[in-house]
Amino acid sequence: MGGSPGQLIALRQSAEATRRAQQRLRRRAQQGQSTASAEALEFAAYFLVWTTLSAAFPAAAILDLYRLRWQIELVFKRMKSILGLGHLPKKDPLSAKAWLEGKLFTGLLIERMVRSAENIFPPGAMPWQARRSRWREVEFMYRQVGAALLLPQSLATVLRQWRAITRGLAEPPRGDADTVRLG
């Protein structure tokens with residue numbers, strides 16, 4: 001059984017990345033999901049990419065392409081998880097296409113909104129930004145877009161609570177000279 005012709009590109013990772021990868025291997029082995037063999041622990045020091053691109057492509061260019069591809073994969077993974085893109089509830093081809101295009105449009109809109117917010121607060125501007133989660137940010141924006149699209153439901157809620165809302169929005173009494181306070 002012959003494999004696909006291609007090349008294996010190995011990039012040595014930093015000591016910190018290697019330590020984290022080895023920790024993951026040991027944790028999975030403790031959970032019975034895999035074994036942490038000496039070879040696996042040694043390979044954890046490398047980032048490996050198998051490619052069928054010609055050897056004429058420089059390894060650095062192949063790794064750059066892989067990084068871009070991986071970013072696209074992450075966007076689709078978020079869309080499947082958060083937007084429900086992985087489940088197509090329609091049987092009619094035209095309806096399915098419209099549903100899918102609507103979900104993709106919503107996902108791209110949300111990605112653009114998050115990117116716009118990053119322009120207002122560039123990475124590193126706030127101390128907590130090192131712990132930012134793109135996943136949670138996209139999920140939050142999806143809920144906001146959903147709430148905006150479900151305005152009639154939100155409006156009904158506002159109308160039911162209108163008395164309490166107007167009471168909270170009312171201006172406090174003024175201390176005019178004409179006002180007499182009793183008691």
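The values are calculated or read from the model by the stated rules, or taken from the named source; none is laboratory data. Source: prediction; values computed, not measured. Note: ideal-geometry Cβ built from the backbone for every residue, glycine included; neighbour counts use all protein chains shown.
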Collect the residues in the stretch 118-154 that are part of a helix (DSSP H, G or I), surrounded by 12 or more Cβ atoms within 10 Å (Cβ to Cβ) and modelled with pLDDT under 75, keeping them in residue-number order. 118, 129, 154
Can residue 98 be described as modelled with pLDDT of 80 or more and surrounded by fewer than 13 Cβ atoms within 10 Å (Cβ to Cβ)? yes
Residue set 47, 57; condition in contact with a strand residue (DSSP E or B) (Cβ under 6 Å, 6 or more places away or on another chain) and not in a helix (DSSP H, G or I); output residue 47
Which condition breaks for residue 50 when tested against (1) among the hydrophobic types (A, V, I, L, M, F, W, C); (2) touching a residue at least 24 places away in the same chain (Cβ under 8 Å); (3) surrounded by 13 or more Cβ atoms within 10 Å (Cβ to Cβ)? (3)
Every pair of residues 6+ apart whose Cβ atoms lie under 7 Å, when the first sits in the stretch 72-93 and is under 24 Å from residue 133 (Cα atoms) while the second is of a type outside the set (S, T, N, Q) and outside any helix (DSSP H, G or I): 79/85; 80/86
Considering every residue within the stretch 3-21, establish whether at least one is exposed (fewer than 13 other Cβ atoms within 10 Å of the Cβ), over 29 Å from the mean Cα position of the chain (by Cα) and in a helix (DSSP H, G or I). no
Given (1) among the charged types (D, E, K, R); (2) exposed (fewer than 13 other Cβ atoms within 10 Å of the Cβ); (3) within 27 Å of the chain's Cα centre (by Cα), index of the condition residue 28 fails: (2)
